[in-house]
Each structure stands twice: as structure tokens, then as C-alpha cells.
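Inspection log for the structure reproduced underneath, given as C-alpha cells.
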Amino acid sequence: MSGLREELEQVRREKEQLENQLACLQRSATLGELLGTTTHEFNNVLMTIMNYAKLGLRNKDEASRDKALGKILAASERAAKITHSVLGMARNRKDGFEPTQLAELLQESLLLLERELQRYRVHVELELESVPDVPVNGNQIQQVLVNLLVNARQAMPDGGRLVIRIRPDREGRHVELSVRDYGVGIAQDKLPRIFEPYYSTKSGPDATGKGGTGLGLAACRQIIQAHQGVIRVESAVGKGTCFTLRLPLQRTVAPALGAASGWEAAVPVPAVEGPR
Ligand SMILES: Nc1ncnc2c1ncn2[C@@H]1O[C@H](COP(=O)(O)OP(=O)(O)O)[C@@H](O)[C@H]1O
Ligand SMILES: [Mg+2]
């Protein structure tokens with residue numbers, strides 16, 4: 001009998017180790033995507049600066065030079081914003097939770113993806129109601145947002161509307177953030193699987209190097225769970241998909257992000273709702 005108990009204990013320990021490894025892998029995969037996006041955006045800005053500097057050097061007249069300098073200034077300001085957002089991520093490296101305006105995190109995530117969304121003709125519509133600060137780890141919530149935004153963009157290969165909404169919930173104890181796309185949608189029988197690690201319907205990373213790992217939503221769920229929140233999905237094939245994050249304004253205990261306890265908590269089954 002005690003042999004069996006030992007074996008069970010051994011299996012439990014191995015399971016815990018594997019889960020921790022997976023959580024780590026998920027985080028590095030999404031962080032990698034975020035870093036890739038940032039570097040790519042920064043490079044775009046540098047290209048703009050270089051091209052206008054060349055233009056200014058070639059054209060000696062005052063009007064051309066003024067125009068070139070104006071463009072260089074605008075691009076540098078954008079570069080400064082990107083650095084600011086990267087520094088924000090670095091500042092928030094610790095597993096700390098800080099009172100945060102979700103709209104600001106959203107704007108920083110959109111800033112990083114602005115060009116990409118434009119290139120794929122995705123039109124962003126914001127419906128931002130005023131909400132209190134939410135205690136979050138900004139770095140991790142930004143990863144969640146980037147994952148959801150990239151998935152939404154990838155679901156609309158020919159472009160389309162992307163509606164992002166932030167609002168307080170009815171009881172005033174949570175804040176909800178939803179990301180709605182009007183893309184391909186997800187079949188009802190596939191919905192329960194999308195949060196599984198490694199579940200992906202994409203053939204591999206796209207031209208921007210994103211997607212195909214099947215780790216994005218698994219990481220989102222793990223992060224939201226560590227925030228004692230819920231992530232919910234509604235979808236209809238051919239109509240689109242809406243992911244909603246529901247984050248509490250008050251946290252009851254303070255679990256360390258990524259610690260085994262985050263996994264031991266009951267895994268909320270994503271609410272699967274019918275077509276809208
Ligand atoms: N907005 C969306 N619209 C349609 N399908 C989606 C959307 N978001 C996620 N999915 C589906 O869920 C799967 C898993 O998503 P994710 O975990 O981010 O992995 P990946 O993007 O690497 O495939 C995707 O491959 C896709 O089939
Ligand atoms: Mg993804």
C-alpha cells in the first residue's frame with residue numbers, strides 16, 4: 001500500500017514539474033513574439049529616419065529639408081514611445097501586481113502592433129469606458145493582449161474590424177476587456193480545445209513570425225488564472241470571435257505568478273457560448 005502511495009507521490013511530483021516547464025515555455029514563446037514585434041517596429045522607425053535623413057541631404061532647398069526634419073522628429077517620437085513601452089515591460093519583470101489602467105496597457109500593445117494591423121488592413125475601434133485601476137502584472141497582461149490582438153488579426157487575412165472594449169461589470173467588482181474580430185470564427189466543437197497547449201490550426205509562423213505554436217491562448221489562460229480572472233470566448237464560424245477577460249478589482253490571496261499554486265487552482269473551463 002505504501003509503495004502505491006509513493007508511486008502516486010512520484011507521479012504527482014513529475015506532473016508538477018512538467019506543468020512548471022510548460023508554463024515557462026509558454027511564457028518564453030509569447031515573450032519571444034513580443035520582443036520580435038518590438039524589434040521589428042523599432043527597425044521600421046529607424047528605416048524611416050534614415051530615408052528622410054538621406055532625402056534631406058540630397059535636397060538642399062529649405063522646404064524639403066523642413067519636411068525631412070519633420071518626418072525625422074515624428075519617427076523619433078514614435079521610437080521614444082516604443083522604448084517607453086519596452087522599458088515598461090522591463091520595469092514590470094518582477095512578479096508584482098500594480099494598480100494599472102488597462103486602457104494604457106492596451107494603447108501600448110496597439111502601439112507595437114500599429115503598423116502590422118495597418119498592413120493587414122485591420123481597422124481598430126475602441127470603446128473605452130472609465131474604469132478603476134486593476135491590480136495586474138502589466139508585463140503579463142500586455143502579453144495576453146498582444147496574443148489576442150495577433151490572433152484576431154490572423155483570423156482576418158483580408159482585413160476587417162477589430163473592436164476592443166473596456167468596461168466595468170455590473171456589480172462593480174470586476175473590469176472586463178473584450179477583443180472582438182469579424183474573422184473566420186471557430187467551430188463549436190473546436191472551442192473547448194483552443195486553450196490546450198500546442199493546439200493550433202496554423203501551419204506555422206506567418207510572415208511576421210507569429211502564430212503556429214499553439215501556446216498563445218494556453219499562456220493567456222495561465223496568466224489570467226494567476227490574476228484570479230476568467231477568460232471567455234464566444235465564436236461563430238464565418239462571423240467572428242470575441243475573447244473577454246474579466247479581472248477582479250480586489251485580489252483575495254497573492255499567489256506568485258507561474259508558481260505551482262497557479263496550476264493547482266481549479267482550471268476554469270472556458271465558457272463556450274453559441275453563435276451571436
Ligand atoms: N480570434 C480567433 N479567430 C479564430 N480562431 C482563433 C482565434 N484565436 C485563436 N484561434 C484558434 O485557436 C488556436 C490556438 O490559438 P493560439 O493558442 O494563440 O495558438 P496559435 O496562434 O499559435 O495557433 C489557433 O490556431 C486558432 O485555430
Ligand atoms: Mg496565437
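What does the extension gain come out to for Gln118 and Arg5, with contour length at 0.36 nm per residue minus their alpha carbon separation?
Here the answer is 34.9 nm.
Using a 10 Å cut-off around each Cβ, can you sort Leu57, Leu46, Leu111 from fewest to most neighbouring Cβ atoms?
The order, fewest Cβ neighbours first, is Leu57, Leu46, Leu111.
Under the 0.36 nm per residue contour assumption, what length would be gained going from the current alpha-carbon distance of Ala236 and Arg13 to full extension?
76.3 nm is the gain from fully extending Ala236 to Arg13.
Starting with the fewest neighbours, write out His227, His174, His40 ranked by other beta-carbon atoms found within 10 Å of each beta-carbon.
Lowest to highest Cβ neighbour count: His40, His174, His227.
Could you give the length gained by full extension between Leu73 and Asn20, i.e. 0.36 nm per residue of separation minus their alpha carbon distance, to one decimal place?
In short, 14.5 nm is gained.
Could you give the distance between the Cα centres of the stretch 38-52 and the stretch 193-247, to the whole Å?
Taking the Cα centre of the stretch 193-247 as reference, the centre of the stretch 38-52 is 30 Å away.
Apply the a/c threshold of 1.5 to the C-alpha gyration tensor of the chain and tell me whether it is rounded, prolate or oblate.
It comes out prolate by the Cα gyration axes.
Enumerate the lysines that Lys190 could reach by cross-link, defined here as Cα to Cα under 18 Å, with residues fewer than 8 away along the same chain left out.
Once the sequence-local lysines are set aside, what remains near Lys190 is Lys202, Lys239.
Can you put Cys24, Cys242, Cys220 in order of Cβ neighbours within 10 angstrom, beginning with the fewest?
Least to most surrounded, the residues fall as Cys24, Cys242, Cys220.
Modelled label-to-label distance, Arg58 and Tyr198, 7 Å Cα→beta-carbon offset: nm?
Label at Arg58, label at Tyr198, 5.2 nm between them.
Report for the stretch 95-273 the percent antiparallel among DSSP-assigned beta bridges with both residues inside it, nearest 5.
Bridges in the stretch 95-273 that DSSP calls antiparallel: roughly 75 percent.
Checking understanding here: applying a Kyte-Doolittle mean of at least 0.5 and a length along the axis of at least 15 Å (C-alpha), which whole DSSP H helices in the chain pass?
The qualifying helices are 216-226.
As a test of the formula, what do you get for the chain when each DSSP H run with n ≥ 4 contributes -39,500 (n - 2.57) and the sum is divided by the residue count, at 222 nm and rounded to the nearest 500 deg cm²/dmol?
One gets -17500 deg cm²/dmol as the mean residue ellipticity at 222 nm.
Hey, which lysines would be in cross-link range of Lys67, C-alpha to C-alpha under 24 Å, not counting anything within fewer than 8 residues on its own chain?
Cross-link targets: Lys54, Lys81.
A short reminder: the numbers here are calculations on the coordinates, not readings from a lab. Note that the structure is a prediction, hence the values are computed from the model and not measured. Please note: Cβ atoms are built from the backbone with ideal geometry, for glycine as well, and neighbour counts cover all protein chains shown.
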